[in-house]
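Visitor: Before I ask anything, here is the structure I am working with.
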Amino acid sequence: MKLLVLIALFSPLVLCYDTKYDSIDVDKVLADEAQFTAYVNCMLDKGPCTVEHSADFRKLLPEVVATACEKCTDLQKANMRKSVKALQERKPTDFAEFRAKYDPKGEYEHKFAAFIMETK
């Protein structure tokens, strides 16, 4: 019984990403070209990870792409969709590099693309 209580208490910590990432104002980041570029450069190993939580995001992205943001909160899912769509539309070359880096074999492309296109 104690084991079930422990699992119930700690499963949210294992099953989703930290809510500290929810505090990032993605619309503000996307509106600021320098900040958006700093995040992109960090994710693609083209620059330092000095903007808020960018080093964490770079570590999490392989899993996020592989699972189509399965562990993301609803807000994190919405922010991921906005960010990836902006990358695809505004920086197509960087988007191609993003795909090559985080899904080099194209294993997750269909599932991740379907997730990005969702409107939830």
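Visitor: Consider LEU61 carefully, then state whether it is more than 22 Å from LYS105 (Cα to Cα) and in contact with a helix residue (DSSP H, G or I) (Cβ under 7 Å, 6 or more places away or on another chain).
Guide: No; evaluated as a whole, the condition is false for this residue.
Visitor: Collect the residues in segment 41-59 that are crowded, with 18+ Cβ neighbours inside 10 Å and part of a helix (DSSP H, G or I), keeping them in residue-number order.
Guide: Answer for segment 41-59, where residues must be crowded, with 18+ Cβ neighbours inside 10 Å and part of a helix (DSSP H, G or I): CYS42, MET43, SER54, PHE57.
Visitor: Here are the criteria: (1) open to solvent by 80 Å² or more (accessible area, probe 1.4 Å); (2) assigned to a helix (DSSP H, G or I); (3) over 24 Å from ASP18 (Cβ atoms). Tell me which single one PRO104 does not satisfy.
Guide: (2)
Visitor: Go through segment 65-94 and report how many residues are surrounded by 18 or more Cβ atoms within 10 Å (Cβ to Cβ) and either part of a loop (DSSP other than H, G, I, E, B) or touching an Asp or Glu at 6+ places or on another chain (Cβ under 9 Å) (or both).
Guide: Qualifying residue count for the region: 9.
Visitor: Turning to a different aspect of this structure: Looking at GLU109, is it at negative phi and either without any contact (Cβ under 8 Å) to a residue 12 or more places away in the chain or open to solvent by less than 70 Å² (accessible area, probe 1.4 Å) (or both)?
Guide: Answer is yes for this residue.
Visitor: So, ILE24, is that one surrounded by 11 or more Cβ atoms within 10 Å (Cβ to Cβ) and at pLDDT below 95 or not?
Guide: yes
Visitor: While we're looking at this one, here's another question. Of all residues in segment 18-28, count the ones that are assigned to a helix (DSSP H, G or I) and either touching a residue at least 40 places away in the same chain (Cβ under 8 Å) or in contact with an Asp or Glu (Cβ under 8 Å, 6 or more places away or on another chain) (or both).
Guide: Of the residues in segment 18-28, 5 are assigned to a helix (DSSP H, G or I) and either touching a residue at least 40 places away in the same chain (Cβ under 8 Å) or in contact with an Asp or Glu (Cβ under 8 Å, 6 or more places away or on another chain) (or both).
Visitor: Are there any pairs, at least 6 apart or on different chains, whose C-beta atoms fall under 7 Å, with the first in segment 64-86 and over 14 Å from LYS111 (Cβ atoms) and β-branched (Val, Ile, Thr) and the second surrounded by fewer than 17 Cβ atoms within 10 Å (Cβ to Cβ) and at pLDDT below 95, and if so, which?
Guide: Pairs that qualify, where the first residue is over 14 Å from LYS111 (Cβ atoms) and β-branched (Val, Ile, Thr) and the partner is surrounded by fewer than 17 Cβ atoms within 10 Å (Cβ to Cβ) and at pLDDT below 95, are THR73/CYS16; THR73/THR19; THR73/ASP22.
The values are calculated or read from the model by the stated rules, or taken from the named source; none is laboratory data. Just so you know, these numbers come straight off a predicted model, no measurement behind them. Cβ atoms come from the backbone with ideal geometry, glycine included; neighbour counts cover every protein chain shown. Surface areas here come from the heavy atoms of the whole protein model, side chains and all, with no ligands, DNA or RNA. Shrake-Rupley method; radii C 1.70, N 1.55, O 1.52, S 1.80 Å.
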